[in-house]
Amino acid sequence: MKSLRWGLIGASTIGRERVIDAIRQTGGEISSVFSTDSQRGAAYANEFGISWSTTDLGDFLNSPIDAVYISTTNDLHHDQCIAAAKAGKHILCEKPLATHLADAVNMVTACKAANVVLATNHHLRGAATHCAMRDAIKAGKIGKPLAIKVVHAGYLPVHLQGWRLTNPTAGAGAILDLTVHDADLMRFVLDDDAASVSATVQNSGMAIAGVEDAAMGVITFRSGILGQFHDGFTTKYVQTSVEVHGDSGSLIATNCMTQAPIGDVLLRTAEGETKLQLQHENLYVRTINAFKSAIAGNGKPLSTGEDGVASLAIALAALESARTHSVVSIPA
Ligand code: NDP
């Protein structure tokens, strides 16, 4: 397959720490960076050996690139995605797709109309741990799944303690940052959709008043499976995990809600405990390889635009539930 020519929308930390390297590992060429700040864009391009940076989105989209990676703050994804789709570019967009559900739906519609691929960067679908759990459930190893529990709490690194804690317009808060990933992951592992959500949030003082820096909640899936999540920025010594409990076995993954290709999965049944064999690989490389294949007409992205809409619907319902102290239904 020919190498993809990429442009980056956003001189972001996640690009710096994970995605630029992953694009290059998949054979992608990064030709340009769009930033709203010419000095930041130029410094970023220089840091990564990218030949061109610009503050003009029109010029950027008119340049010879096949795909864009959008990793600006969440409020900007929608307009940038629509512009990129109109310019005929394939789009890998960061999560959450948008801050409003109608915007995310609009993004999917615009990409369909423009016949370009839209992928949501829910990288946790690329984890060997989660793929192994999904396969084990499909193979009947735990019988009928009854419950899933996700611990995705941790401590927000100091260099990320910016808009996530202070800027509601940009999509601040643990729910749009972390619960949205859990929602996608649970849908993926269970192959099920959410019916309703009930959540409670905490502000321990790390985030500004009115923004949650931790959340817990329950998602009821259409099959009846109960899903529990614990997300947060404030706890330094938590171990992340995903547990799925069925009527004849349990799967317990540890150290798995992370950006790194690590973690273990234990299968516990009447026969005892076995560690599943895992093929660990860079999660972002897997995500980008699936995106590339989808562009070439083979299969779908690991997490599609529609998946990004579904995870956002759950996250927004969790926020509404916390605000209204009620169980919020998710539209089919
Ligand atoms: P950053 O804060 O690093 O970057 C977001 C935007 O902030 C950039 O596009 C940039 O704007 C601007 N910016 C960058 N540095 C500065 C600075 N020093 N001063 C002022 N503005 C600055 O965000 P993240 O990389 O943490 O997150 C970006 C997106 O990626 C979000 O949607 C987030 O949810 C998602 N994300 C996804 C992860 C995943 O694993 N899937 C992990 C982490 C984040 P400009 O482009 O105009 O220069």
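The values are calculated or read from the model by the stated rules, or taken from the named source; none is laboratory data. Since the structure is predicted, the reported quantities are computational estimates derived from the model, not experimental observations. Reconstructed Cβ throughout: ideal geometry from the backbone, glycine too, with neighbour counts over all protein chains shown.
Quick notes
- Taking the listed residues 200, 169, 179, the one that is under 23 Å from residue 92 (Cβ atoms) and either assigned by TED's automatic domain parsing to the domain that holds residue 74 or of a type in the set (Ser, Thr, Tyr) (or both) is 179, with no other qualifying.
- Every residue from region 91-108 that is farther than 23 Å from residue 296 by Cβ and surrounded by fewer than 24 Cβ atoms within 10 Å (Cβ to Cβ): 99, 100, 101, 102, 103, 105, 106
- Look at (1) within 15 Å of the ligand (Cβ to nearest atom); (2) in a strand (DSSP E or B); (3) farther than 22 Å from residue 22 by Cβ and you find that residue 92 fails only one, number (3).
- Check on residue 179, in contact with a Phe, Trp or Tyr (Cβ under 7 Å, 6 or more places away or on another chain) and within 14 Å of the ligand (Cβ to nearest atom): yes
- Selected residue [over 30 Å from residue 165 (Cβ atoms), surrounded by 20 or more Cβ atoms within 10 Å (Cβ to Cβ) and more than 23 Å from the chain's Cα centre (by Cα)] from 65, 50: 65
- Of residues in region 104-128 being under 10 Å from the mean Cα position of the chain (by Cα) and part of a helix (DSSP H, G or I), the one farthest from the ligand (Cβ to nearest atom): 125
Listed here are the residues, each with its yes/no results for (1) modelled with pLDDT of 95 or more; (2) among the charged types (D, E, K, R); (3) in contact with a Cys (Cβ under 8 Å, 6 or more places away or on another chain).
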residue: 34; (1), (2), (3): yes, no, no
residue: 39; (1), (2), (3): yes, no, no
residue: 43; (1), (2), (3): yes, no, no
residue: 48; (1), (2), (3): yes, no, no
residue: 55; (1), (2), (3): yes, no, no
residue: 72; (1), (2), (3): yes, no, no
residue: 81; (1), (2), (3): yes, no, yes
residue: 92; (1), (2), (3): yes, no, no
residue: 95; (1), (2), (3): yes, yes, no
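- Contacts under 8 angstrom Cβ, first residue in region 109-123 being touching a residue at least 60 places away in the same chain (Cβ under 8 Å) and over 21 Å from residue 20 (Cβ atoms), partner assigned to a loop (DSSP other than H, G, I, E, B) and away from the ligand (no atom under 16 Å from the Cβ), 6 or more apart: 111/117
- Meets criteria (in contact with a helix residue (DSSP H, G or I) (Cβ under 6 Å, 6 or more places away or on another chain) and either at pLDDT 95 or above or assigned by TED's automatic domain parsing to the domain that holds residue 101 (or both)) for residue 305: yes
- In region 26-49, the residues that are farther than 21 Å from residue 283 by Cβ and more than 9 Å from the ligand (Cβ to nearest atom): 29, 31, 32, 38, 39, 42, 43, 45, 46, 47, 49
- Selected residue [in a helix (DSSP H, G or I), away from the ligand (no atom under 12 Å from the Cβ) and in contact (Cβ under 8 Å) with a residue 24 or more places away in the chain] from 14, 23: 23
- Any hit, region 154-162, residues being more than 16 Å from the ligand (Cβ to nearest atom), of a type in the set (Ser, Thr, Tyr) and part of a strand (DSSP E or B): no
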